[in-house]
Amino acid sequence: MLFARTSQATLKPFAICLLATCFAMPAWAANEQNPDQPVPPSAQLPEDENVEDVERSEPRADAQPAEAGEKPAAKESAAGEGSQQAPDAKGDVKDQTPDSGKVAPNIDLKEVAPMPEPEPEPAKESESDPEASAPEQAPDETGDKADASPEQAAPETDTAETGDEPSETTDTQDEAQPETEAEAKAAGSFSLLGKEILPGTSTRLAWSPGIQIAGLSQITPVLVVNGAWQGPTLCLTGAIHGDELNGIEIIRRTMYDLDPEKLTGRVIGVPIVNLTGFQQGTRYLPDRRDLNRHFPGREDGTLADRVAHSLFKNVIQRCDMLVDIHTGSLKRTNLPQLRADMNNPQVAEFTRGFDSMAVVHSSGSEGMLRTAATEAGIRTVTLEAGESLRIQEHQIEAGVNSLHSLMEKHGMISRMFVWGDPEPVYYDSTWVRAAHGGILFSDVELGDRVSEGEILGYVSDPITNAQHPIRSSAEGRVIGMAVDQVVMAGFAAYHIGTEAEVPGE
């Protein structure tokens with residue numbers, strides 16, 4: 001009897017676990033068959049995510065006059081649909097957002113300050129208020145214009161009545177335009193996340209995607225420097241993958257080095273987008289999804305969809321230019337480089353502002369922040385520098401230097417900047433994979449130029465002592481590689497970039 005009771009007691013937990021597993025598996029399978037749901041975590045292999053972005057990239061178009069002309073039109077239409085963003089860049093956004101009455105404090109970003117708390121209640125009211133407040137603001141704006149219009153109309157009627165020669169009136173108007181343009185250079189207030197940032201000030205805001213985990217709201221710092229002069233809005237995002245640390249320091253140094261009284265335009269920096277992943281030292285969100293595969297997101301989607309939607313709606317859509325900073329994934333390191341869709345003329349021109357930075361053509365994958373932002377009419381590139389879970393001074397300096405050159409090229413800062421030698425554009429690149437499993441030992445380093453058939457490294461079998469060489473499949477440059485580690489057969493070990501002769505480049 002004792003034995004029988006013991007057997008029954010041990011079998012009950014086993015039966016419960018078996019039933020739970022059986023019920024869980026159909027739900028998982030249904031999730032895989034549903035195209036609206038994201039790919040389950042087991043299918044999101046972290047090994048080659050950064051690799052597949054390049055391998056699945058659309059090839060560089062040599063000459064496509066028709067398509068090249070269509071793409072800018074699409075971007076212009078996208079920018080036209082989001083016409084509310086244009087006033088944002090000019091500092092007129094405070095007239096359109098009803099929650100911009102709260103002025104953000106002017107602080108020195110270098111100083112230690114308590115983290116501001118987000119205000120979800122005003123944000124919710126702002127979403128419902130525009131319907132009611134828009135009619136109230138419209139008369140105010142029109143009223144202001146109505147007061148100014150008689151004054152403006154009077155000179156026009158006077159010139160129309162007295163001046164029989166329209167050329168003289170146009171000449172006088174043309175001569176007056178430089179004065180109005182000079183006066184218009186002064187920047188206005190900028191509204192973001194329910195706060196109004198005055199011109200010539202810098203502040204630290206708080207963004208919360210509204211996702212509570214165990215009753216705790218995740219608050220992510222957002223650094224804003226609103227210059228004293230009108231100009232473009234540059235956005236910097238880092239740590240979308242929580243284990244990528246170089247981008248955090250690149251944004252911190254770039255933002256803290258800006259003087260708002262001398263800045264033209266504004267810079268928005270989100271050093272740590274994936275705060276939970278950063279706290280846990282992992283690439284993913286708590287639901288094991290890759291945030292950089294869910295943009296622009298959905299308000300009623302998965303956790304990753306909701307976080308992506310909140311960031312894209314509240315921050316990204318206010319940008320004119322965006323640099324999304326990443327590192328290599330899973331013990332891989334990247335030469336400082338830009339990933340950009342060189343088939344897009346606006347993006348291709350945007351890459352010219354980065355000093356001493358190689359460019360790798362990549363059309364981007366669906367769900368990436370770079371892809372979603374570009375489709376929204378925002379000039380966007382991905383900046384890759386170094387490897388994950390490490391702070392690398394050389395890669396950080398290269399990233400900060402390239403951002404300084406970008407701002408200098410767009411007239412946002414004025415410094416004695418000395419441009420280095422231009423880096424090539426790699427319109428084609430390939431990953432060389434290990435044919436055998438074992439321990440990887442590399443003979444090359446990042447940036448080395450290699451020839452076809454050259455030995456890049458060896459995979460050593462610790463059991464049989466066999467040495468398996470890995471040879472380059474093309475002539476080019478090592479722009480990415482795996483650090484020495486245990487690898488399996490098929491592991492992407494070396495990223496070789498090849499230059500192409502393209503007319504006009």
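Read-outs throughout are calculated quantities, based only on the coordinates presented, and are distinct from any laboratory measurement. Since the model is a prediction, treat every value here as computed from it, not as a measurement. Because the Cβ atoms are built from the backbone with ideal geometry, glycine has one as well, and the counts that use them run over all protein chains shown.
I need Ser363, Ser356 ordered by Cβ neighbour count within 10 Å, fewest first. Write down the numbers at each step before the final one.
Numbers: Ser363 20, Ser356 14.
Fewest-to-most Cβ neighbours within 10 Å comes out as Ser356, Ser363.
Would you mind classifying region 265-338 by shape? Square roots of the alpha carbon gyration tensor eigenvalues, ordered a ≥ b ≥ c; an a/c under 1.5 is rounded, otherwise it is prolate if a/b is larger than b/c and oblate if not. Numbers along the way, then the final one.
Values: a/c = 1.91, a/b = 1.05, b/c = 1.82.
Because a/c hits 1.5 or more and a/b fails to exceed b/c, region 265-338 counts as oblate.
Between Asp341 and residues 5 or more places away or on another chain, which pairs have amide H atoms under 5 Å apart, with H built 1.01 Å from N, and which residues are they?
HN-HN under 5 Å from Asp341: Ser362.
Quick check on my link table: of Lys102/Lys313; Lys110/Lys185; Lys185/Lys409; Lys331/Lys409; Lys110/Lys313; Lys185/Lys313, which ones sit more than 25 Å apart, alpha carbon to alpha carbon? Can you show the working numbers first?
On the way: Lys102/Lys313 20 Å; Lys110/Lys185 27 Å; Lys185/Lys409 18 Å; Lys331/Lys409 34 Å; Lys110/Lys313 28 Å; Lys185/Lys313 28 Å.
Among Lys102/Lys313; Lys110/Lys185; Lys185/Lys409; Lys331/Lys409; Lys110/Lys313; Lys185/Lys313, the Cα-Cα distance tops 25 Å for Lys110/Lys185; Lys331/Lys409; Lys110/Lys313; Lys185/Lys313.
Mind checking Rg over Rh on region 330-433, alpha carbons, Kirkwood formula for Rh? Let's see the in-between values first.
Values: Rg = 14.1 Å, Rh = 14.6 Å.
Ratio value, two decimals: 0.97.
Using r as the Cβ-Cβ distance of Lys110 and Gln467, and R0 as 56 Å, what FRET efficiency do you calculate, to the nearest 0.05? Walk me through the numbers on the way to the answer.
On the way: r = 52 Å, r/R0 = 0.93.
Here the calculated transfer efficiency is 0.60.
For Glu445 and Lys409, compute 0.36 nm times the residue count separating them, minus their Cα-Cα distance, and round to one decimal in nm.
Values: separation 36, 0.36 × 36 = 12.96 nm, distance 3.13 nm.
Contour length minus the Cα-Cα distance gives 9.8 nm.
How large is the convex hull of the Cα atoms of region 428-498 per residue, expressed in Å³ as a whole number?
Numbers: hull volume 4.6 nm³, N = 71.
Hull volume over Cα atoms, normalised by residue count, gives 65 Å³.
Under the rule of at least 5 residues apart or a separate chain, name every residue whose amide H is placed under 5 Å from the amide H of Gly227.
Gly200, Gly265, Arg266, Val267
Give me the distance in nm between label points sitting 7 Å out from Cα along the Cα-to-Cβ direction at Asp421 and Arg56, one decimal.
Here the answer is 3.7 nm between the modelled labels.
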